[in-house]
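Presented below is the structure to which this report refers.
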Amino acid sequence: MVVHIIGAGLAGSEAAYFLANRGIKVKLYDIKPEKFTEGHKSPNFGELLCSNSLRGDSLTNAVGLLKAEMRLLNSLVMRCAEKTKIPAGGALAVDRHKFEQCITESLNSKKNIEVICKEVENPDELEGIKIIAAGPLATKPLTEWIMKKTGSQNLFFFDAIAPIVDGETIDYTKAFFASRYGKGEGGDYLNCPMKKEEYLKFWKELINAETVKLRDFEKDKKLFEGCLPVEEIAKRGEDALRFGPLKPVGLKHPETNEEFYAVVQLRREDSNGRFYNIVGFQTHLTYPEQKRVFSLIPGLENARFERFGRMHRNTYINSPEILDRFFRMKKDKTIFFAGQISGVEGYVESAASGLMVGFFVWNILQGKEPIPFPEETALNGLSQHISTFSHNFQPTNITYSLIPDLKVKIRNKKERRLKIAERSLESLKVFAMNFDF
Ligand SMILES: Cc1cc2nc3c(=O)[nH]c(=O)nc-3n(C[C@H](O)[C@H](O)[C@H](O)COP(=O)(O)OP(=O)(O)OC[C@H]3O[C@@H](n4cnc5c(N)ncnc54)[C@H](O)[C@@H]3O)c2cc1C
């Protein structure tokens with residue numbers, strides 16, 4: 001029996017790796033490296049489309065717990081992330097080239113995986129179990145097939161990606177290294193501080209800057225709250241940025257102890273610190289406007305932009321209508337969806353769903369019904385999200401609200417979360433042992 005996996009992104013790679021390790025033959029299809037979607041650029045698999053951060057690593061953060069769970073299950077994405085991580089305070093950030101190389105080499109080294117460079121247009125032509133993991137930028141013919149197959153209207157919303165600047169062109173007499181509240185080593189973030197008048201000038205220019213014209217089909221689509229363009233946040237009020245990505249709290253100048261009215265943070269893109277992305281600056285601004293307005297940030301006056309921020313399509317299905325809790329189509333049990341397209345949001349969540357789907361498919365190939373992950377886990381929280389009815393279904397990042405609360409009341413939020421995490425990891429350890437992860 002061969003399992004067909006369409007898309008070798010974060011979800012498809014995890015599913016393929018898991019199944020191959022269990023002795024299952026996999027055909028892994030991707031249009032790369034011969035063709036690319038409008039957002040992908042790297043010839044490698046497991047490409048990180050925008051930020052190089054896999055977000056917070058602490059267990060007080062739900063994505064930290066999700067990552068801890070994935071590590072217990074020998075996740076490929078977690079293994080490569082550990083191998084290629086770079087300093088980023090309390091977050092797990094990676095050198096994207098090394099990370100993608102690690103994923104690609106791991107897949108290519110598996111004799112049970114046949115990598116096929118092909119755009120899959122009609123999965124019905126493939127016999128047996130299919131996992132659709134073609135991501136938020138799935139190509140048009142496949143998207144049309146999904147629309148036909150699911151019988152529902154395809155849903156779109158839009159993300160915008162943050163610009164990257166060349167580290168050598170930053171003015172280090174103004175920008176300084178420091179992590180918020182001194183977390184992490186030697187200051188993993190580069191900070192561009194603003195005085196009140198500098199901030200107000202920047203804010204006014206930003207809210208009045210020219211944005212890219214939306215095409216007809218892009219109008220009236222919902223923006224995802226977690227990835228709002230910086231100018232959209234700015235338009236919510238004079239101080240909105242100071243409570244968002246330009247939050248100055250916990251960031252003092254390491255030499256003068258000076259505090260600031262607002263701070264723009266830059267995060268390393270690579271281990272050598274050659275490039276930096278401007279944290280939270282995903283944007284719809286035109287390229288010349290990005291150059292003009294972002295050059296008002298102290299320290300970036302002469303910055304060279306290695307990549308400008310951009311706007312992108314983001315496709316996902318109305319999963320609660322279409323999928324069961326095992327990410328399997330209710331109407332056709334040979335079809336599974338995994339990754340962003342299945343209604344989870346984020347790199348880590350996409351990879352986690354791929355890992356789960358790999359396990360569920362393996363269960364079926366053992367002649368069993370899929371076995372759910374323990375109820376206390378973040379993994380289970382995601383499968384509940386994609387299969388629970390909602391009037392306005394939207395992809396979600398993992399949050400503690402998706403994990404059952406403790407039976408006892410603990411008032412302190414941090415303590416409560418740590419207890420929930422402990423409970424989850426304990427039950428998952430037993431599960432992992434029982435199923436030989
Ligand atoms: C522009 C953009 C920026 C994002 N930035 C972030 C971010 O900074 N942080 C974050 O956590 N999340 C981000 N996301 C959300 C999400 O986490 C990522 O999209 C993530 O890569 C999703 O993983 P995936 O495995 O579902 O899809 P992908 O990683 O996109 O993988 C899908 C793969 O399928 C292939 N493919 C597509 N169509 C076909 C076809 N017909 N046949 C064969 N192969 C096909 C593609 O080439 C690709 O390799 C972003 C999304 C977008 C669109």
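The values are calculated or read from the model by the stated rules, or taken from the named source; none is laboratory data. Quick caveat: nothing in here was measured; it's all calculated off a predicted structure. We place every Cβ from the backbone using ideal geometry, glycine too, and count neighbours over all the protein chains shown. Heavy atoms of the whole protein, side chains included, go into the accessibility calculation; ligands, DNA and RNA do not. Shrake-Rupley method; radii C 1.70, N 1.55, O 1.52, S 1.80 Å.
Tell me, in nm to one decimal, what length is gained between THR173 and GLU82 on full extension, where the rule is 0.36 nm per residue of separation less the Cα-Cα distance?
29.5 nm
Rolling a 1.4 angstrom probe over the protein heavy atoms, how many square angstrom per residue are accessible across the chain?
44
So how long is each side of segment 161-312 along the principal axes, counting just the alpha-carbon atoms, biggest first, in Å?
51, 32, 25
Roughly speaking, what is the stretch gain from LYS330 to SER295, that is 0.36 nm per residue apart minus the C-alpha to C-alpha distance, in nm to one decimal?
Going from the current span to full extension adds 7.5 nm.
Suppose each label sits 7 Å from its Cα in the direction of the beta carbon; what would the GLN384-LYS368 distance come out to in nanometres?
Those two pseudo-labels are separated by 2.2 nm.
Report, to the nearest whole %, how much of the accessible area of the chain belongs to carbon and sulfur atoms, 1.4 Å probe, protein only.
Of all accessible area on the chain, carbon and sulfur atoms account for 50 percent.
Quick check on the chain: of the DSSP beta bridges with both residues there, what percent are antiparallel, nearest 5%?
Just about 60 percent of them are antiparallel.
Mind scanning LYS83/LYS183; LYS85/LYS195; LYS98/LYS331; LYS83/LYS196; LYS25/LYS429; LYS83/LYS110 and naming the pairs with a C-alpha gap bigger than 30 Å?
Cα-Cα > 30 Å for LYS85/LYS195; LYS98/LYS331; LYS83/LYS196; rest within.
Once both labels are modelled 7 Å past Cα along the beta-carbon direction, what's the ARG236-LYS196 spacing in nm?
2.4
Hey, what did the chain get for relative contact order, percent, Cα under 8 Å, at least 6 apart? If you can, show how the numbers build up before the last one.
Working: 897 pairs, mean separation 93.6, N = 437.
Relative CO of the chain lands at 21 percent.
Express in nm, to one decimal, how much length is gained between ASN412 and TYR261 on full extension, taking 0.36 nm for each residue of separation and deducting their alpha carbon distance.
Value of the extension gain: 51.4 nm.
Can you give me the Kirkwood hydrodynamic radius for the chain, using every pair of distinct Cα atoms, in Å to one decimal?
22.6
In nm, to one decimal, how far is the modelled label at LYS247 from the one at TYR181, with both set 7 Å along Cα→Cβ?
Going by the 7 Å Cα→Cβ label model, 1.0 nm.
Given N residues in segment 22-165, what is its alpha carbon radius of gyration divided by 2.2 N^0.38 Å? Before the final figure, lay out each step's value.
Numbers: Rg = 17.0 Å, N = 144, 2.2 N^0.38 = 14.5 Å.
So segment 22-165 has a normalised radius of gyration of 1.17.
If DNA, RNA and ligands are ignored and the probe is 1.4 Å, what is the ranking of THR37, THR173 by accessible area, most exposed first? Working shown, then result.
Details: THR37 25, THR173 120 Å².
Most to least solvent-accessible, the answer reads THR173, THR37.
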